[in-house]
Every structure is written in structure tokens, then in C-alpha cells.
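First comes the structure, then the notes that go with it.
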Amino acid sequence: MIRTALLTLSTLLVLALPAQAADDGIATPTLRASVNVTSDVVRVGDLIDNAGAAAQIPVYRSPDLGTTGALPVAQVLNVLRAKQVIGVMTGDIKEVQVTRLARTLANKELEDAVASALERRFGLGDAANISVTFDRGISDMRLDASNTGALQPVATRYDARSGRFDVTFEIANDSTTAPTKLRLTGTAIETVEVAVLTRDIDRSEMLKASDVAQERRPKAEVAGEPALRERAVGMQLRRPMRAGTPIRVADIAKPELVSRDQSVTVIYQVPGIYLTTRGKAIDNGAEGDTVSVLNLQTKRTLTGIVTGRGQVTVEGASQSAPMPAAVEQTSSLKRDEAPAPVDTAALLRNLVQTPASPAQVAEAQIPQARASQAQAK
């Protein structure tokens, strides 16, 4: 008791005689205009510089974590005086700002921590695809500033049927040896990016950019490989679908440009010759598909590639019927005989078109005619 009384008396003498302390080389206690604290109480040493032995005396309860409070100078001096702390220099300070430092854990940071704890466990996939919802509406969480460690999961439970999780984290701190524990509960669901219809779409319609939106949906809602928006636009649905339905890769196909039994334009094209005729499609086909077409004039079946809406291009002799005799006989010629001219126009008529014009026939036979004249000379 005597020792404590002497210590208190010496403290009062130091604070009560600032001028004499200055003369003796002892620093004068001075009020601070702005104070940052990390504990739940404000002490004399937090409010004034050069508090000496009185520095650890508690005088106020700290503001809430992460908040700031203002104290009028007169009130501060009255509280200090009640603690037997006097003679404090205030200068022109009108009020003292006291801030309680804190570590803020944002809601997104907590969601990421839970997703990382569940990643590739319990049948879940990547953390980036796990959507987390907490039981309580957590926006931001504030901890004492001494909690500087990372969130380390120490206990993790998850029910795959309900999606419920219960994860406990430990956070190392600078003030004590025991880490701070943080328990979070809620639901976690694996999601996927998928194209979703914005309106009801018929099977025959081509998907436009305005018909498709990109959303994140629970993986359980998409039974199969999800289709992304950029892949779906310009495609055709294999079946009618309603607005809000997620689109799978299996639900879309290239738009059919040719339909079975449709009247189509058949194009036969070789260097220097371009012929067209009408035909009837035997198969359905999208751009680039190989389909069979019936030539309505020759009643022959051709095989071609869909190159446009209602358009099939034949490149070369693709008919199912035998080749014309003029071509077959060339293999039986003797060495000293000139090859018979190939009736290209007749061949094309059999393949694609109605009888060719005289100009087309002449143009097709010119090379053979010149060869025959050269041998005659």
C-alpha cells in the first residue's frame, strides 16, 4: 500500500508541474487530437503523450470495432482529472478523435474461404463454381486488429443432399497464443455457366442474340454439357423449349438449310462450267452436310453438299447410276487409235441439268476436237 501511494503521489507531482518538468528536462504531457486503439479500452497513454507511469490507467470504453468516436477536450480533461491526471497541455485542440482499429472480413472473402474449404471434396468441383449462402445475412465481419493470420479451416462438414455446410476456421493473432475461432454455416451449391432462353422458342427457329442470356445455374439443373451463349446463338433447337430453360449442347444443332422432300437448287460446278437445275432433297441437312438429291429431269440420285438455304452443290460425278458409255469405252481403245471425244455436255445433262445449250456443248468438246485434227494432219 505504501509503495502504491508513493507511486501515485510521484505521478501527480510530475503531471501537476509541467513548467518545472520542462526545466528539469522531463517531457510535458500533451493531449493528442487523433487516437487509434486496438483493445476494448482507451488508456491514459492512448490519449496523451509522455503519460509516464499513468499510461496504463483505463479511462474510456473503446468504440465499436472499425468505428470512430469524438470526445470534447473539456470532457477528456475532466475524466483525466478524476483519475488524478492533471496539467495536460491541450494547445488549440477542440476534440479528440478515437478510432477502434479492426480487421474487416468482407462477405466475398468469407464466401471464398468456405468455397476453398469445400473445393474438390464431397463431390463438389472447383471453388470458383461453388455458390455459398450463409444462414445469417453476413455483409462484413469485423475482428480485433490483432487477428492478422489467414483463415485456416480446422473442421469441415457438408451434406451433399441438402447442400448444408458447417465450417470452423482458426485465425492466428498477435496478442494471445490461442487463435481466434470463427464458425460459419449455410448452404453451398455447385453451379455452371449456361445459356438460358429469354422467350419460348420453336424447334424451327434460329436462335438470335436477344433470345439467349448467360446465367449461373445449379449444376443439378443441367443434365449434360451446358451450352454457352456464344455457342448457342445462330443455332437451332432440336425441340421446342420454354423461356428460362437452360440450354445443353445436346439441345442445339446447326440450322437445317435443306429439308427432306424440299425442292432445292442443285449446282454442278467444275472449272469453266457452272450448271444449275431443280431437284428434290432426300435427306435433311445443315450447312456442310452431305445429302442425297433427286434430279427431277433425269430421275437420277445425286450426292452433294449443302451450301445454302435450299441449295446443294455437286462437285464431280456423284450420281448413283452407271457412268455414260462414252467414258467406259475409252479403256478398250488400241494404241494407234485416237481416243473418242468425251461428250461432257451429255454427262452433265445426265448428272444435273436439262439439255445443255449448243454453246455449252461446243465449249465442252473443243479440246477433243483440236486433238483429233492434229492427228489427222
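The values are calculated or read from the model by the stated rules, or taken from the named source; none is laboratory data. Just so it is clear, the structure is predicted and the values come from calculations on it, not from any experiment. Here the Cβ positions follow ideal geometry from the backbone for every residue, glycine too, while neighbour counts run over all protein chains shown.
Points to keep in mind about this one:
- Identification of strands (runs of 3 or more DSSP E) wholly contained in the stretch 37-87 with 2 or more residues that are touching a residue at least 24 places away in the same chain (Cβ under 8 Å) yields 58-61, 68-72.
- Condition check for GLY244: over 21 Å from the mean Cα position of the chain (by Cα) and at pLDDT 90 or above: no
- Selection within the stretch 267-281 - surrounded by 17 or more Cβ atoms within 10 Å (Cβ to Cβ) and closer than 22 Å to GLU256 by Cβ: ILE267, THR277, GLY279, ALA281
- The residue of the stretch 282-303 that is nearest to MET206 (Cα to Cα), among those that are among the aliphatic types (A, V, I, L, M) and either free of Cβ contacts under 8 Å to residues at least 24 places away in the same chain or surrounded by fewer than 17 Cβ atoms within 10 Å (Cβ to Cβ) (or both), is ALA286.
- Whichever residue in the stretch 284-302 is modelled with pLDDT under 90 and within 45 Å of the chain's Cα centre (by Cα) and, among such residues, is nearest to LEU197 (Cα to Cα): ALA286
- Within the stretch 313-323, one or more residues are buried (at least 19 other Cβ atoms within 10 Å of the Cβ) and either modelled with pLDDT of 50 or more or assigned by TED's automatic domain parsing to the domain that holds GLY234 (or both).
- PRO72 vs. criteria in the same structural domain as SER34 (by TED's automatic domain parsing) and surrounded by fewer than 15 Cβ atoms within 10 Å (Cβ to Cβ): yes
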